[in-house]
Amino acid sequence: MTSVRTIVRVANVTKTFQLGKIAVHALKGVDLEIPTGQYVSIMGPSGSGKSTLFNMIGGLDKPSTGKVFIDEVDISQLDAYELAWLRCRKIGYIFQTFNIIQVMTALENVTLPMTFAGMRSERATEKGMELLELVGLADRFQHKPFELSGGQQQRVAIARALANDPAIILADEPTGNLDLSTGEEIITLLKNLSHERGVTIISATHDIKMLNVSDQVVWIRDGRIDKIESREELTISVGRIDARAGA
Amino acid sequence: MKTVFPHQDTKGSLRNGMATIDRSNTATAPQPRIHRQVVLPLGKSFEIAFNSIRVRFFRSLITTMSLVLAVSFLSFVSVNTDVANGLLSTGDPALRQALIRSGYDLAPEDTRADSSPKQRWIVILSLLVCVVGIVNAQLMAVTERFREIGTMKCLGALDRFILRLFLLEAGMQGLVGAGVGALSGAAFALLGNLLRFGTRALTTPAGDEILLSVAFATGVGCLLSVLGVLYPAFVAARMQPVEAMRVEQ
């Protein structure tokens, strides 16, 4: 083992969905280790099993065979209470569609996971304000989601994901519903957070902009890992990636 | 073998003492016993449920409307009976004749004017229709809120938090809707009797019974509201958090 701790370990995972009489093999044996504090992008065309793998890592889905360890805990062994706890305290989720709870203000959205975690409400409010400040929305804490732009909603979602100081942030196409420059701002924010707070960020994406900030890029193709590239390898091969993106 | 998370605190997670896990071999930083429990205090549940109704006020109004109507009908019928009983208990033959003229089937020896089986059936039917209406409206509300529910689950909500929120919402809607319905039904009944029998309808000693009828109608309304949301709330609570990830609504 290296000195870097592994936060996510996927061991020989397969996943088969039963669609009527047809069995669809979404994942055909995936092994993956993600070290703490890294910014990892999972890339792949739709239908490649990318989302399936992503959901497994997030504890949202269980593998057909094989194991997924988060912080060396096999998540298939967890009961409903433990899974809820895991989602609450260990993992922060960021969605393509932001998923800010519409009936709550920005601040209430951020403090909700802290309430679930059993934090006292004054402390939660205080921390919620700190987090909103961190993402640059301190002056809009009383706003409802429909009064915020897409980029601002995604910032609230990032603050919410950080609420219980998770070890991992899972971002599912975080820039998918944003325009270019806003998407870039969100990516930079995520990158800075991963850098400053040591949070592991795992992101499923189509967005080539994401590659520049990723420490590792995992390419998924046809239910298997095609290849894993680190940043150094990427800078050399930017031309090729562009070519692939254009194809 | 159950395993534990090496880095965690136990603060705030001791409530109910549930999900207690013995540590085992794979932990890197030993901690003897760890209590892990996500919580949603009741006060906070009320706050969320109340806000949810407030923000979706119009929607809640529609859900509650059928309840208001059915409960006001129930209340109307029973308050009418109460007033008729009050009038009968005076023993005044003129009032007795007036009651018979206004449609009460009173045999000469009757001392009480209970509602007829036909009337009871109509009330029961209206309540049944009302429950079906509530189930329908709430199922739709659950579908509309799939993403919200999924998101809450991703943030760590347990099934029973979702269940509790829906039940609380229904309870509050039920209390207000049934209260309004019962009071307005009673008011209409009293007004009708006032017009028909004059002020004697209000002065006969039926006050307690009328209050009891209103309270009963409110109670039935609350019960029906909660009953109607049970199935939709179960559907919502059982939803998988991965639904929140889906892009299309």
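A few points about this structure:
- Protection proxy ranking, highest mean first, for peptides B:76-83, A:39-46, A:64-71: B:76-83, A:39-46, A:64-71, where packing is the per-residue count of other beta-carbon atoms within 10 Å, averaged.
- Working note: Karplus 6.51/-1.76/1.60 with θ = phi - 60° gives region A:24-37 the couplings 9, 8, 6, 10, 10, x, 10, 10, 7, 10, 10, x, 4, x Hz, where Gly and Pro are set to x.
- Shielding score for A:100-111, defined as the mean number of other chain Cβ atoms within 10 Å: 3
- The order of B:132, A:13, going from fewest to most other C-beta atoms within 10 Å of their C-beta, is B:132, A:13.
- R0 of 60 Å, Cβ-Cβ distance residue A:28-residue B:144: FRET efficiency to nearest 0.05: 0.95
- Taking Lys and Arg as +1 and Asp and Glu as -1, the other residues whose beta-carbon sits under 14 Å from that of residue A:230 total -3.
- Per-pair calculated FRET efficiency, R0 = 51 Å: residue A:226 and residue B:114 via Cβ, rounded to 0.05: 0.05
- Candidate cross-link partners of residue A:15 among the lysines, defined by an alpha-carbon separation under 30 Å and a same-chain spacing of 8 or more, comprise A:28, A:50, A:62, A:67, A:90, A:209, A:227, B:2, B:153.
- Per residue of A:70-78, other chain Cβ atoms within 10 Å of the residue Cβ number 4 on average.
- Taking all Cα pairs closer than 8 Å and separated by 6 or more residues, the relative contact order of region B:42-245 comes to 40 percent.
- Ascending count of other beta-carbon atoms within 10 Å, so fewest first, for A:114, A:129, B:140: B:140, A:129, A:114
- Sorted ascending by nearby beta carbons within 10 Å, beginning with the fewest, B:152, B:65 become B:65, B:152.
- Computed about its Cα centre, the charge dipole of the protein assembly as shown is approximately 620 debye, with only Lys, Arg, Asp and Glu carrying charge at their Cβ.
- Projecting the Cα positions of A:132, A:32, A:16 onto the charge dipole of chain A (unit charges on Cβ atoms of Lys, Arg, Asp and Glu, taken about the Cα centre) puts A:16 furthest along the positive direction.
- Global form of region A:76-204, assessed from the alpha-carbon gyration tensor, a/c cut-off 1.5: oblate
- Other protein chain C-beta atoms within 10 Å of residue C-beta, averaged over B:213-226: 0.
- FRET E, pair residue A:188, residue B:129, Förster distance 41 Å, beta-carbon r, rounded to 0.05: 0.10
- Contact order normalised by residue count of chain A, Cα under 8 Å, 6+ apart, percent: 27
- Gain on full stretching of the segment that runs from residue A:5 to residue A:197 - 0.36 nm per residue minus C-alpha separation: 67.6 nm
- Once C-alpha pairs closer than 8 Å and six or more residues apart are averaged by separation and normalised to the residue number of region B:148-246, the relative contact order reads 58 percent.
- Taken along the Cα-to-beta-carbon direction at a fixed 7 Å, the label points for residue B:203 and residue B:100 span 2.5 nm.
- Using only side-chain charges placed at the Cβ, +1 for Lys and Arg and -1 for Asp and Glu, the dipole size of region B:124-199 relative to its Cα centre rounds to 60 debye.
Every number in this text was worked out from the coordinates using simple rules, so none of it is lab data. Every value quoted in this text rests on a predicted model; they were computed, and no experiment measured them. Every residue, glycine among them, receives a Cβ derived from its backbone with ideal geometry; neighbour counts consider all protein chains shown.
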